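Just below is one structure, and these are the notes that go with it.
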Amino acid sequence: MSASPSPDRAGIRGWMLFDWAAQPFFTVIITFIFGPYFVSRLVADPVTGQAFWGYTITISGVVIALFAPVLGAIADACGPRKPWLAFFALIKVSALVSLWWAVPGSDLWLPMLAIILATIAAEFSIVFNDSMMPRLLSQRDIGRVSNQAWGLGYIGGLVVLFSVLLLLAGNPETGKTLLGIAPLFGLDPALGEDARITGPYAALWYLVFIVPLFIWTPDSRIGRPLGAAIRSGMQELRCTLAELNQRRGLLRFLIARMTYQDGVNGLLALGGTFAAGMFGWQTLEMGLYGILLLVVAIGGCFYAGRLDARLGSKRVVQVALVILLVATLGIISTGPGYTLFGLMPLSLADTGGSFGTAAEKAYILFGLLIGLAFGPVQASSRSYMARSVGVDEAGRYFGIYALAGRATAFLAPMSVASLTLYTDSARIGMAALIVFLVLGYAILRSCPYPATTSPAAERAGRGHLQPE
């Protein structure tokens, strides 16, 4: 497999800025601000809130799993990715703006529908953006640039999250932001406006910072008309699925990613809401927790980029999964007055202020491990895949890659949601994520690296070669 010549630096930077533009949605909306608001403030009962939030993520995952491979195959046939990115940007921005009307006590259908549409649009956009990688980057640079772009995304998420806390989110008791001023625009935290404003804010951020990709980054050449591309894409998808029976190493990697990414997605979508329900954290506490995780995540991504170049993507993913497993065990074993499943009793005294109890501090320590690993496990998985496919097949295989990340994506949140309702315990519900992380790691161990370059290459026994 040969790599295409790298375009100028502006084109690569434009591609990297996609992560900068896109990540605040996952950081501020899904994980740290709006998601916890949905669970703990939009709904009166946190257990019910976590269940409905889990089902919201489940619906999104099912739709993404069904259609991502189709869109990836169509992208290869019709060529340019940018028109698709623009189409899904329109859906994502519109859905995020509508979150402003998610008032406490209102019907859940509007925020649930908005999150479903925004998540689908965000994930489909990632399919088209990621499929540009083999054309833009050399084999040597893929792992480093992928991790750097992911780290850049976390910096963008950190900037948005920090600005929310400094300027927009007021403490319900004092009415002041972290900067000690009244929230801008007269936002009232008692009405949830500090959390609801993050929808329009994330929409504006995405709209502004996706522009450099459209201006600087070269796109694929025009291919077939849309109708012909759809027919060709569906045929290519059927051939790709059949071809996977011959590319056994690639198939094993996709199954491994399907499994462990399900656990990672569940941890990202539900970890913050779990803390909000258990400790009663409000927007300020969730935001501070998010900032701590993002600072660690940024360093983790940039360091993992160097490790990826030296050790390969597979080893980076393996180490990250072990760290995430330890972190998950840690957070579900922590509660008021104890950690490590009660083996380590903790003081119940509250020193006041944010994170005033010993249990909250212990939870944060385990959360920092999540911050260290959840960027590298995704960025190096992306570079693992990019090293394993050719330029002309990138769209359809990254569609399958998205399928592998979402085919069973409904299982983790559905397992957590259903187990939570059945046991009436959010802690027992979260324990379901451990199964996905352990099983995914076990399957990954048997995968060749790169996964495959072609059926002929794997038959020739070259699937285990390290990248040059």
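Would you please classify the overall shape of the range 282-327 from the alpha carbon gyration tensor, given that a ≥ b ≥ c denote the square roots of the eigenvalues, rounded means a/c under 1.5, and beyond that prolate means a/b larger than b/c while oblate covers the rest? Let's see the in-between values first.
Numbers: a/c = 5.27, a/b = 2.05, b/c = 2.57.
Cα axes put the range 282-327 in the oblate bin.
Skipping prolines and chain starts, which residues have an amide H placed within reach, meaning under 5 Å, of the one on Thr339, given they are 5 or more residues away or on another chain?
HN-HN under 5 Å from Thr339: Met344, Leu346.
Give the peptides 204-214, 101-111 in descending order of average Cβ contacts within 10 Å, highest first.
204-214, 101-111
Using the per-residue mean of other Cβ atoms lying within 10 Å as a proxy for protection, in what order, highest first, do the peptides 285-296, 317-328 fall? Walk me through the numbers before you get to the answer.
Values: 285-296: 23.3, 317-328: 21.1.
In descending order of packing, they fall as 285-296, 317-328.
Give a residue-ordered list of calculated ³J(HN,Hα) values for the range 299-311 (Karplus: 6.51 cos²θ - 1.76 cosθ + 1.60, θ = phi - 60°; whole Hz; x for Gly, Pro).
Those phi angles translate into x, x, 5, 5, 5, 5, x, 5, 5, 4, 5, 8, 9 Hz.
Count the net charge of all other residues whose Cβ sits under 14 Å from the Cβ of Val103, scoring Lys and Arg as +1 and Asp and Glu as -1. All intermediate terms of the calculation are to be shown ahead of the outcome.
Working: positive: Arg41, Arg196; negative: Asp107, Asp188, Glu193, Asp194.
That works out to -2.
Restricted to Cα positions, what overall size does the range 244-323 have along the principal axes? Three whole-Å values, descending.
Computed over the range 244-323, the largest-to-smallest principal extents equal 51, 28, 16 Å.
How large a share of the accessible area of the range 56-187, in percent, is made up of carbon and sulfur atoms when the probe is 1.4 Å and the other protein chains stay in place? Don't skip to the end; give the middle numbers.
Numbers: 3420 of 4710 Å².
In the range 56-187, the share of accessible area belonging to carbon and sulfur is 73 percent.
The values are calculated or read from the model by the stated rules, or taken from the named source; none is laboratory data. Keep in mind that what you see is a predicted model, and the values were worked out from it rather than measured. Note that each Cβ is placed from the backbone with ideal geometry, even for glycine, and that neighbours are counted across all protein chains shown. Each accessible area value is taken on the protein alone, full model and side chains, heavy atoms only, with ligands, DNA and RNA left out. Shrake-Rupley method; radii C 1.70, N 1.55, O 1.52, S 1.80 Å.
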